[in-house]
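Visitor: Sharing a structure with you now.
No lab work stands behind these numbers, since they all come straight from the coordinates. Nothing here was measured: the structure is a model prediction, and the numbers come from that model. Cβ placement follows ideal geometry from the backbone for every residue including glycine, while neighbour counts extend to all protein chains displayed.
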Amino acid sequence: MKEGRTVTEAKRFGCYHCHADTPMVDAVRRLVSEDISSLVVTDHDGYLAGVITRIDVLRCYLAHDDWEQQPVGAYMSQQVVTVSPDDQLRHVADLLLEKHIHRVVVVREENGKQKPVAVVSDSDLVYHLMKEVE
């Protein structure tokens, strides 16, 4: 990726989200309909609470016969790796490799809390690598 290119320059803002009390079946429905691998979980004021991934869904499914009714909050990851819109894409790539993760949540600080504005994934970074070669 070009040196100095930031998240803002590379990513259109907006992210799919749900709330911690959302039933798992509704989260799965959204994952499938949008063809995405995770949802940002927010509190009811729109601030970051966690992330729910397809792997989290599978853990829930294996643990509960009534997995569909389980709340997302019981299986979401609360420890979310975040970046700011001004962070460089190289920094994002470093974080993905260092933390062995597939995505980071882009946040803006607001009222001392984190407001999610986008998600940058490993596939986003690979896309931008390819665009530079074309």
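Visitor: Taking neighbour counts of Cβ atoms within 10 Å as a proxy for exposure, in what order, fewest first, do His19, His64, His100 appear?
Guide: Details: His19 17, His64 14, His100 6.
In order of increasing Cβ crowding within 10 Å: His100, His64, His19.
Visitor: Also, I was wondering about something else. If you plug each phi of segment 36-44 into the Karplus form 6.51 cos²θ - 1.76 cosθ + 1.60 with θ = phi - 60°, what whole-Hz ³J(HN,Hα) values come out, in order, with x for Gly and Pro?
Guide: 10, 9, 7, 10, 6, 9, 10, 7, 6
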